[in-house]
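Comments concern the structure below.
The values are calculated or read from the model by the stated rules, or taken from the named source; none is laboratory data. As the structure is a prediction and not an experimental result, all values here were calculated from the model. No Cβ is skipped: glycine too gets one built from the backbone with ideal geometry, and neighbour counts run over all protein chains shown.
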Amino acid sequence: MSAPLTCEGLARSFGGVKAVQGVSLALPAGAVTALVGPNGAGKTTVFNLITGNLKADEGTAQIRGRPIIGLKPWQVARLGVARSFQDLRLFTQMNVRDNVLAATERGAWFWQGGDKRARLAAAEAAMEATGLTALAEARAVDLAYAERKFLSMARILAAGADIWLLDEPASGLDLSSRLRFGQLLKDARARGVAICLIEHNLDVVVDLADRIAFLDRGLVLAEGAPKEIMNDPKLAAIYFGDRSHEVAA
Amino acid sequence: MIAYFSNLATLVAIFGILAVTLNFMVGFAGIFSVAHAVFFGLGAYAGAQIALTVAPNPFLACAVAALIAGVLSLCLALPALRVRGEYFVAASLGLQMVALTLFSEVKSLTGGIGGLTNIPRPQIFGMEVGVLPLALLALGLLLWAIHAMANGSFGRTLKAIRDAESAAEAMGKPVAVAKALAVAFACAGAGVAGALFALHMSFVNVESFTLDQSVLVMAMVIVGGTGTLFGPLVGAVLLLSLPSALSFLTFIPPTEVGSVQQIIYGLAMTLLMVFRPAGLLGDQNKGKSHA
């Protein structure tokens, strides 16, 4: 499998805190890679370094061979990266349709180039896939929690990107919503999208991930198949906050 | 009496332009500027200089005023790209102070404290024309342009930036370009209002472009309703008509009209914020969640 996005030795410190230390990753096309680890492991910081929201102290990242460190977030997005946020960051006072349409419009000028009908069709298809068509005129701020989560996914879908960075997209969803969300990801994977998922719900991770990278304190401690990672007692202990083995060592 | 109402209507149309253009920045792009009077002033001085030194052609005066105000709006756009919210308000306040000093000191262009006088009446093909129809025409065109932009992709981009700037950027939108364009458009509109003001009054000086003026225009936007098309216009009508209406109340001594006006303004603003916090024409559910 080719990897449209690769990063090598990414590092970032905040004052004396080393948030990310030499993280290397490859996101293959048509595969789901999960970033797993306890809170504060540096997972979201890795996303922010890739998307240009934070500047890396060290390391490189490339999209289809093109270096992206130093690019602005909008420039990285235009190379085919779509991301979601833990806190969703919906356009709260806009309705659902405009939220999704906005994801199809990249120009900042008074007008958009390209095919307007194609953009409208992409937005409608994204709303249909996420079950939001009936809520197209509702303001984002008025949606229920699960609907907001799906609106965030609809924006990702409509953007037409082939690299998805999803930050806790399934947190707080009930079982049926989680299954619908899982199907969206499986469909995207089948289309060849490279997906990177930060997720604390291990059931979701096991169900969807092809590979897992386990982060702790900014380091990738292990990388491999879900079963391999999930069955490692040391990683499980770190994940659940038990660091007694470190004291023993 | 006709001249009185014609003058009032002209001022309402000119301040209507100021209010709807400021609303474009505040209501759609979320850029809270308290320096709109600076660009009103730039437009007024530019329009006056064109009328005094080139020709009293209102279209030429408005075009030059829009160009100068639009280009110099970069002074406002630059801080808007770096800071948001109350920090930007402070930055625009600084710009207002600096500009006011420059207006007073650059006497060769502005006439200093004394201002520019004897600005000729506007003429088209040698015929003198009133400023009222020109101001109404400009206001109508601006309202049409704002309506078209607000309902199109540019308006969506600005509203997206207002609601969640980082998410808009993550969608591939160059936020800096969109903000700079919004500021340039709004300030160019203020420049047009300034040129019309200079041609209407035949005299401009720094007193018309103070912080008080910027705050008055902001009050028009808030009273009418931010992010609405006609709200700021309603705000302009109300806030400019009030002093005139009070002058008709004969039981208020002329010397006290100013104080009574301030009391009424204060009371009206307080009641408005309690009962219609989104402005007279604003969506009262704005900012609230019903989920």
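Here are a few things to note about the model shown:
- Breaking point among (1) among the charged types (D, E, K, R); (2) surrounded by fewer than 17 Cβ atoms within 10 Å (Cβ to Cβ); (3) assigned to a helix (DSSP H, G or I), for residue B:162: (2)
- Any hit, the range B:179-193, residues being among the aliphatic types (A, V, I, L, M), without any contact (Cβ under 8 Å) to a residue 24 or more places away in the chain and within 14 Å of chain A (Cβ to nearest Cβ): no
- Residues satisfying the stated conditions in the range A:89-121, i.e. within 7 Å of another protein chain (Cβ to nearest Cβ), among the hydrophobic types (A, V, I, L, M, F, W, C) and touching a residue at least 40 places away in the same chain (Cβ under 8 Å): A:90, A:91, A:94, A:101, A:102, A:103
- Among the residues of the range A:55-88, the ones that are touching a residue at least 24 places away in the same chain (Cβ under 8 Å), surrounded by fewer than 18 Cβ atoms within 10 Å (Cβ to Cβ) and at positive phi come to 1 in all.
- One residue stands out in the range A:172-187 among those that are closer than 11 Å to residue A:146 by Cβ and in contact (Cβ under 8 Å) with a residue 12 or more places away in the chain: the one that is surrounded by the fewest Cβ atoms within 10 Å (Cβ to Cβ), namely A:174.
Yes or no, residue by residue, for (1) under 23 Å from residue B:73 (Cα atoms); (2) within 22 Å of the chain's Cα centre (by Cα); (3) within 7 Å of chain A (Cβ to nearest Cβ):
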| residue | (1), (2), (3) |
| --- | --- |
| B:135 | yes, yes, no |
| B:154 | yes, yes, yes |
| B:159 | yes, yes, yes |
| B:170 | no, no, yes |
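- Count - residues of the range B:198-215 that are of a type outside the set (S, T, N, Q) and not in a helix (DSSP H, G or I): 2
- The range A:201-246, residues that are without any contact (Cβ under 8 Å) to a residue 40 or more places away in the chain, within 24 Å of residue A:9 (Cβ to Cβ), among the hydrophobic types (A, V, I, L, M, F, W, C) and assigned to a helix (DSSP H, G or I): A:235
- The set of residues from the range B:231-261 being farther than 19 Å from residue B:4 by Cα and within 14 Å of the chain's Cα centre (by Cα) comprises B:231, B:232, B:233, B:234, B:235.
- Total residues in the range A:137-164, condition of a type in the set (Val, Ile, Thr) and either more than 8 Å from chain B (Cβ to nearest Cβ) or farther than 12 Å from residue A:88 by Cα (or both): 2
- The condition (being closer than 24 Å to residue B:119 by Cβ and in contact (Cβ under 8 Å) with a residue 60 or more places away in the chain) is satisfied by just one residue among B:51, B:29: B:51.
- Scanning the range B:62-118 for residues that are at pLDDT 90 or above, assigned to a helix (DSSP H, G or I) and at positive phi returns a single hit, B:112.
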